Structures are given as C-alpha cells and as structure tokens.
Amino acid sequence: MNNYEIMFIVKTTMESDKIKVTIDNMKKIITDGKGKIVEAKDMGERKLAYPIKKELSGYYYVLRVEASKEVIAEFDRRASIDETILRHLIIKLDEE
C-alpha cells in the first residue's frame, strides 16, 4: 500500500445533493478497492483561476489515502470520465 493525496474539483452548478453523491462515489472507489481513507478535507467552494469547461468556480475536496496502484489507476480512470468532476490530481507521497 502506498500513500497518496488526491485533490478533485466538482462542478458547483449542480444541486448540493448531486455534489455529495459525487464525493461519496469517489470515496467509494477507494474503499471498494480495499484502500483506506486516512483524511478527508472539504475545502469548500472557490473561484477558479481560469474557466474550466465554462465553469468559473468549483467545489474542492482533498483525500489522503493508503491504496494500491491499481485502486489509484481505477480512481484516475473514473474521475477522468465523470462529467461532474472538472479536474483531479493524484500525488504519491514519500514514505516517512
């Protein structure tokens, strides 16, 4: 298991229920793959530096997880095709 930090931005033009469902679905990908969510941070709604897919603001969410590279690859794949996610970034953390 490796340590990762995952940040993703969800569209804010959706209803709050759909935003919550999207966040829960992203967490479920990690837990279904036997990964562990160490920390979850809700960074709230923020203005984007530049428009992404015609959106001017996004709902930021950060996860620190312990997972295998296969689980992270599946998260990356699903986040790429999910239309409610504007951007995502996965960083592998160094072992401490």
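The values are calculated or read from the model by the stated rules, or taken from the named source; none is laboratory data. This structure is a prediction, so every number in the text was calculated from the model and none was measured. Quick reminder, even Gly has a Cβ in these numbers, built from the backbone with ideal geometry, and neighbours come from all protein chains shown.
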Hits in the stretch 4-51 - residues which are assigned to a strand (DSSP E or B), touching a strand residue (DSSP E or B) at 6+ places or on another chain (Cβ under 7 Å) and among the hydroxyl-bearing types (S, T, Y): Y4
Pair list, Cβ under 9 Å, 6 or more apart: the stretch 1-15 residue loosely packed, with under 14 Cβ neighbours inside 10 Å, other residue basic (K, R) and in a strand (DSSP E or B): M1/K36
Answer residue from the stretch 1-29, given it is of a type in the set (V, I, T) and under 15 Å from L89 (Cα atoms) and is modelled with the lowest pLDDT among those: I23
Output for the stretch 19-41, where each listed residue is under 11 Å from the mean Cα position of the chain (by Cα), under 21 Å from I81 (Cα atoms) and of a type outside the set (D, E, K, R): T22, I23, N25, M26, I29, I30
Sole exception among (1) farther than 16 Å from N25 by Cα; (2) free of Cβ contacts under 8 Å to residues at least 60 places away in the same chain; (3) among the β-branched types (V, I, T) for I81, by number: (1)
Residue tally, condition touching a residue at least 24 places away in the same chain (Cβ under 8 Å) and either among the small types (G, A, S) or more than 18 Å from S80 (Cβ to Cβ) (or both), over the stretch 44-58: 4
Boolean, E66 is touching a residue at least 12 places away in the same chain (Cβ under 8 Å) and exposed (fewer than 11 other Cβ atoms within 10 Å of the Cβ): no
Residue in the stretch 42-54 that is surrounded by 12 or more Cβ atoms within 10 Å (Cβ to Cβ), closer than 12 Å to M7 by Cβ and within 13 Å of the chain's Cα centre (by Cα) present: yes
Qualifying residue in the stretch 69-84 (condition: over 14 Å from the mean Cα position of the chain (by Cα) and either at negative phi or of a type in the set (A, V, I, L, M) (or both)): yes
